[in-house]
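So the structure is just underneath, and the comments pick up after that.
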Amino acid sequence: MSVTLKPKILFVGYGHLAKSLISKSFLNQFSIDSINSKNQFYSLNSKKLVQRLSSSYKYVFLLIRPSLFYEKGSDFNKYLDSKTIVVSCMAGVTINRIQEKLDTKKIIRIMPNVMAKQNASHTYVYVKNKKLINNLFKKILKSFGTFHMSTQEDEMNIATALYGSGPAFIAYLVNSFLEAGKNISPKSKINEKDIINLFKNVISLNDSSHKLDGFVQSIASKKGTTQAGVNFLKSQNLKKIMYTTLHRAYKRAKEISIEKQGHK
Ligand SMILES: NC(=O)c1ccc[n+]([C@@H]2O[C@H](COP(=O)([O-])OP(=O)(O)OC[C@H]3O[C@@H](n4cnc5c(N)ncnc54)[C@H](OP(=O)(O)O)[C@@H]3O)[C@@H](O)[C@H]2O)c1
């Protein structure tokens with residue numbers, strides 16, 4: 001398909017998340033431009049700066065921070081025409097708040113994560129008008145990985161904590177284990193790859209909470225080494241720490257939904 005016949009998309013903001021959405025299949029199927037804080041227009045297909053933007057975009061993705069949207073959101077009306085569908089990736093910003101700034105009701109909220117480029121995002125979608133989720137839009141979602149249609153907007157805040165921020169929490173946990181492994185054995189060199197493989201193997205063999213529980217029991221024999229470590233994890237209430245981590249992210253998403261203009 002030639003570039004000109006592909007449906008056109010504009011990315012407003014081209015930061016961490018935007019860059020992570022650009023999978024090969026997404027670029028092959030769409031003609032995507034981006035705009036940054038310096039008002040530079042860039043064609044992601046030709047990888048060149050362009051002088052001016054296309055006249056009509058099928059989709060305009062909001063990939064800016066919520067505080068900037070609350071402050072300057074109405075400036076982005078100039079990128080919309082009557083057919084454009086707005087796709088907001090912003091954490092916490094509700095459809096009603098988006099409608100306060102943009103002169104359109106064609107709005108889809110999605111919560112992807114930075115693994116979309118590798119087709120490994122689990123993306124939550126929320127929309128008031130279900131007709132907006134047509135086959136074309138499903139192609140975009142599938143280029144990111146799997147997706148889930150939310151029935152209530154608050155589910156987007158849960159998804160923000162679990163699937164948007166979650167990958168960072170998991171990376172932090174794995175890294176803490178890695179560091180601890182190195183610290184406990186300063187003399188013998190611990191190979192990072194071996195520990196990463198340990199994580200992968202435990203998860204690939206145990207793909208449910210039931211199996212994981214049984215796995216712990218199968219290793220933790222009475223008064224043995226595993227039980228000593230597991231008892232410590234329990235005494236530190238690791239489950240509560242995990243719950244609070246997710247709840248803090250969820251609560252922050254809810255706070256963003258009611259923040260006023262200009263909040264930093
Ligand atoms: N990061 C994640 O993993 C993740 C996951 C899910 C959802 N989100 C959501 O995605 C959004 C973006 O997050 P991010 O982490 O990608 O942020 P980021 O890296 O800070 O990117 C923000 C982008 O906005 C651009 N920008 C600033 N002012 C602008 C303006 N006036 N006009 C056009 N573009 C402007 C910046 O341009 P410059 O490059 O010129 O500074 C930058 O490219 C947030 O709303 C966040 O809630 C992020």
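The values are calculated or read from the model by the stated rules, or taken from the named source; none is laboratory data. Model, not experiment: these values are computed from the prediction. Cβ coordinates were reconstructed from backbone atoms using ideal geometry, including for glycine residues, and neighbour counts include every protein chain displayed.
Just a few scattered comments:
- Residues that are within 27 Å of K239 (Cβ to Cβ) and surrounded by fewer than 10 Cβ atoms within 10 Å (Cβ to Cβ) within the range 182-193 comprise N183, I184, listed in sequence order.
- In the range 120-172, the residues that are away from the ligand (no atom under 11 Å from the Cβ) and part of a strand (DSSP E or B): H122, V125, Y126, V127, G145, T146, F147, H148, M149
- Residue in the range 191-221 that is farthest from the chain's Cα centre (by Cα), counting only those that are at pLDDT below 95 and outside any helix (DSSP H, G or I): S221
- Among the residues of the range 13-25, just one is modelled with pLDDT under 95 and in a loop (DSSP other than H, G, I, E, B), namely S23.
- Residue match in the range 41-58 (condition: free of Cβ contacts under 8 Å to residues at least 40 places away in the same chain, within 11 Å of the ligand (Cβ to nearest atom) and over 18 Å from S23 (Cα atoms)): yes
- Selection from the range 177-190 of residues that are of a type outside the set (S, T, Y) and outside any helix (DSSP H, G or I): P186, K187, K189, I190
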